[in-house]
Amino acid sequence: MSKGLIIVVSAPSGAGKTTICKKVVALNPSIVHSISYSTRKPREGEINGVDYFFVSEKSFFKSRLSREFIEWAKVHGNFYGTPKAFIENSINNGLDVILDIDVVGALKVKKKYPESVLIFILPPNKNELESRLRKRNTEDEENIKKRLNNAEKELKYINNYNYVVKNIDLNEAVDKVKAIIKAEKSNIKRWEKVI
Ligand code: 5GP
């Protein structure tokens, strides 16, 4: 059995990354979504163990010390970490795993797993990003400003990514991500000597 792919998806907050990842996973049983640990407070409707494992800072630092994360980062003032055991188990069982993480985490994953595939999702333009963030109604004004300001910084990392997908139409963006995954599975780098 060949090893699964690690697919890292990053985007400025409000670009539609989480929705795209959820749709790609829902349509394909061989792709799983990595659920991160976070010290952020759950938003309305978010479920522990589904959207994130919501933990205290104390518990997060304990896991970090025990090297339970393949990467961790402080994003918009909260800590987030990707669980190592889930990623390793998934790829070793031939499952592809999607990581919905920030630019700093993405580079750390690429360093540890150079064969991983990095996809950057872009909003159609800056105004649309702000309007999506506001429509989402999940952040207060201070957080919206923080997230828009971070978007500018995150864009500087785009050249470290393998692919860029503009999310103008959601279904089209989902199709593009699926096509990237499909093509990457046939990439010559992943060729295995079977004959
Ligand atoms: P949100 O609070 O909006 O759910 O996520 C904020 C940011 O943290 C997003 O860019 C998201 O991709 C990122 N993020 C979520 N989980 C992780 C993780 O495990 N590691 C890193 N480095 N970033 C994460």
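FYI, it's all coordinate maths here, none of it is from the lab. Keep in mind the model is a prediction, meaning the values are calculated, not measured. Positions of Cβ are backbone-derived with ideal geometry, glycine not excepted, and every protein chain shown enters the neighbour counts.
Tabulated results
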| quantity | calculated |
| --- | --- |
| Sites ASP140 and GLU192 - FRET efficiency at Förster radius 45 Å, r taken between beta-carbons, to 0.05 | 0.35 |
| Full-extension gain in nm, ASP169 to GLU44, via 0.36 nm per residue minus C-alpha separation | 42.4 nm |
| Separation in nanometres of the label points that stand 7 Å from Cα toward Cβ, at ALA85 and LYS58 | 2.1 nm |
| Amide H contacts under 5 Å for ILE70, placed H, 5+ residues apart | THR82, LYS84 |
| Whole-Hz couplings from phi, Karplus 6.51/-1.76/1.60, listed for the stretch 122-128; x for Gly and Pro | 10, x, x, 6, 5, 4, 5 |
| In the stretch 1-95, trypsin sites (Lys or Arg not before Pro) in a DSSP loop with at most 13 other beta-carbon atoms within 10 Å | ARG43, ARG67 |
| Residues whose placed amide H lies under 5 Å from that of ILE121, excluding near-sequence neighbours | SER10, ALA11, VAL165 |
| Part-to-part distance (alpha-carbon centres) for the stretch 166-195 and the stretch 49-70, which is given in Å | 30 Å |
| Value of [θ]222 nm, deg cm²/dmol, for the chain, DSSP H segments ≥ 4, -39500 (n - 2.57) each, nearest 500 | -12500 deg cm²/dmol |
| Relative contact order (percent, whole number), the stretch 39-178, Cα cutoff 8 Å, 6+ residue spacing | 20 percent |
| Counted charge near TYR113, where neighbours are those whose Cβ lies closer than 15 Å (Asp, Glu -1; Lys, Arg +1) | +3 |
